[in-house]
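Trainee: Below are the structure tokens for one structure; questions will follow.
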Amino acid sequence: MLPLARKVMKMKGDKRKILKRIVIAVVLAFGIPLAIFLPKLHDFAFIFGGVRYAKRMQVHMLCETDHQALLEACRELSRRAARGELKPGKYRISIDPNPEASRFPKPILDLAPSYLYIDENDTGRVMLEMLGGLGHFGVEAYFEDYKKPHVGFEYGDRELIPGLWYYDDGYHDNPEYDKKIEALLQKRK
């Protein structure tokens, strides 16, 4: 038996009741908030980890990826869809990938986007979504002669090279966001 427990057992009735009340008060004061917070700790860790992962993906896409090779890979998929070799639509790549995705060009697979979308309206547009949920960002690729499908259509938030546009939810939340993207682009190898 623990020394404190022995002391409690030897105490007379009133002192024991007082000590029990103190223990209960301490458990209630600290135990309940702790019981509420601990399950949320996993959520905080997941969100923090997800933010760090998204940042690494963003740096990889903007600073380390050959944008011209990526554009050509997207255009190749668009041509395959136009010839009927590939169905337009959404293809999961990094999580629970579509079997067809394993045959996509290497620059796309190396980037490991969450999914790739080949426009179903036969426009030639290909979109790579890097991350969804916490924040959406990725690229959209277009052919040289791509025509806007409607008035008000936006290619993306920032043109990386002619025909390859970067999009990011950060542009909608922060008018100064392009300065952050420009700083990343300056780090390109």
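The values are calculated or read from the model by the stated rules, or taken from the named source; none is laboratory data. Quantities reported herein were computed from a predicted structural model and do not represent experimental measurements. Counting neighbours? That spans all protein chains shown, and the Cβs are built from the backbone with ideal geometry, glycine included.
Trainee: Taking the criterion of being of a type in the set (Val, Ile, Thr) and under 20 Å from the mean Cα position of the chain (by Cα), would at least one residue in the stretch 146-155 satisfy it?
Mentor: No: zero hits.
Trainee: Now for a different question. Sort out which residues of the stretch 140-177 are surrounded by 19 or more Cβ atoms within 10 Å (Cβ to Cβ), out of contact with any His (no Cβ under 9 Å at 6 or more places or on another chain), not hydrophobic (A, V, I, L, M, F, W, C) and not in a loop (DSSP other than H, G, I, E, B), and write them in order of number.
Mentor: Glu140, Tyr166 - these are the residues of the stretch 140-177 that are surrounded by 19 or more Cβ atoms within 10 Å (Cβ to Cβ), out of contact with any His (no Cβ under 9 Å at 6 or more places or on another chain), not hydrophobic (A, V, I, L, M, F, W, C) and not in a loop (DSSP other than H, G, I, E, B).
Trainee: Where the second residue is at pLDDT below 75 and assigned to a loop (DSSP other than H, G, I, E, B) and the first is closer than 14 Å to Lys55 by Cα and among the aliphatic types (A, V, I, L, M) and lies in the stretch 116-135, which pairs have Cβ atoms under 9 Å and are six or more apart or on separate chains?
Mentor: Matching pairs, first to second residue: none at all.
Trainee: Another one. For the stretch 178-189, how many residues are assigned to a loop (DSSP other than H, G, I, E, B) and touching a residue at least 60 places away in the same chain (Cβ under 8 Å)?
Mentor: Number satisfying all stated conditions: 3.
Trainee: In a strand (DSSP E or B), acidic (Asp, Glu) and within 30 Å of Leu86 (Cα to Cα): does that describe Glu129?
Mentor: Yes; evaluated as a whole, the condition is true for this residue.
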